[in-house]
Amino acid sequence: MTTRISRWIETDTGHRVPNHKNKCCHMHGHRYRWEVEIEGDIIIDVGTSDEGMLIDFSDVSRILTERIHDIVDHSFIVYEGDSEAIEALRLLGDDHRTVVVPFIPTAENLAKWAFEQVSPYIKTEYDNELRVVAFHVRETPKSWASWKA
Ligand SMILES: [Zn+2]
């Protein structure tokens, strides 16, 4: 038996899927939702702030903000092999928020990326064991992808 919690944040982020046969090859953006799912043991340390929790939701929120939001919000995520888009983004200057990644920035690949960005930081100062079991990335209300451990 185990307990599972989830927390999400949102960002406004641009991307494109360079090889896409349809409209996703155009530069565009989404109101992305980044949702982490954590499983583990409940903290039993009597009298502590986190007693009865896996981890404080506000700590999860801070980690998501630092590791995801502050990197990709109002940024454009571009595949390192997408030379046309990289050239176009370079024209916008060094101040433009461009995030170059070694993969095509589909929801599927971003879910794996986000999982790896966040997982190492999901821990508490108590001895309870925590595991990030899944990361969900939603592009639209009708479409999202999940990466699972
Ligand atoms: Zn898209």
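The values are calculated or read from the model by the stated rules, or taken from the named source; none is laboratory data. Computed from a predicted model, the values in this text were never measured in an experiment. All Cβ positions, even for glycine, are placed from backbone atoms using ideal geometry, and neighbour counts span all protein chains on display. Surface areas here come from the heavy atoms of the whole protein model, side chains and all, with no ligands, DNA or RNA. Shrake-Rupley method; radii C 1.70, N 1.55, O 1.52, S 1.80 Å.
A few points about this structure:
- Residue list for segment 54-75, filter: closer than 22 Å to residue 44 by Cβ and outside any helix (DSSP H, G or I): 54, 55, 56
- With respect to the stated conditions, residue 67 fails to be away from the ligand (no atom under 16 Å from the Cβ), open to solvent by 80 Å² or more (accessible area, probe 1.4 Å), modelled with pLDDT of 95 or more and touching a helix residue (DSSP H, G or I) at 6+ places or on another chain (Cβ under 9 Å).
- Options 33, 16; residue that is within 12 Å of the ligand (Cβ to nearest atom) and open to solvent by 30 Å² or more (accessible area, probe 1.4 Å): 16
- Residue within segment 105-119 that is in contact (Cβ under 8 Å) with a residue 60 or more places away in the chain and assigned to a loop (DSSP other than H, G, I, E, B) present: yes
- Taking the numbered list (1) open to solvent by 50 Å² or more (accessible area, probe 1.4 Å); (2) within 13 Å of the ligand (Cβ to nearest atom); (3) more than 19 Å from residue 113 (Cα to Cα) in turn, residue 2 passes all entries but (2).
- Flag if residue 81 is away from the ligand (no atom under 16 Å from the Cβ), out of contact with any Asp or Glu (no Cβ under 8 Å at 6 or more places or on another chain), farther than 22 Å from residue 130 by Cβ and in a loop (DSSP other than H, G, I, E, B): yes
- Residue within segment 89-97 that is charged (D, E, K, R), crowded, with 16+ Cβ neighbours inside 10 Å and out of contact with any Gly (no Cβ under 6 Å at 6 or more places or on another chain) present: no
- Members of segment 124-145 that are surrounded by fewer than 18 Cβ atoms within 10 Å (Cβ to Cβ), part of a strand (DSSP E or B) and within 16 Å of the ligand (Cβ to nearest atom): 140, 143, 144, 145
- Cβ pairs under 8 Å, 6+ apart, first in segment 1-12 and at pLDDT below 95, second of a type in the set (Ser, Thr, Tyr): none
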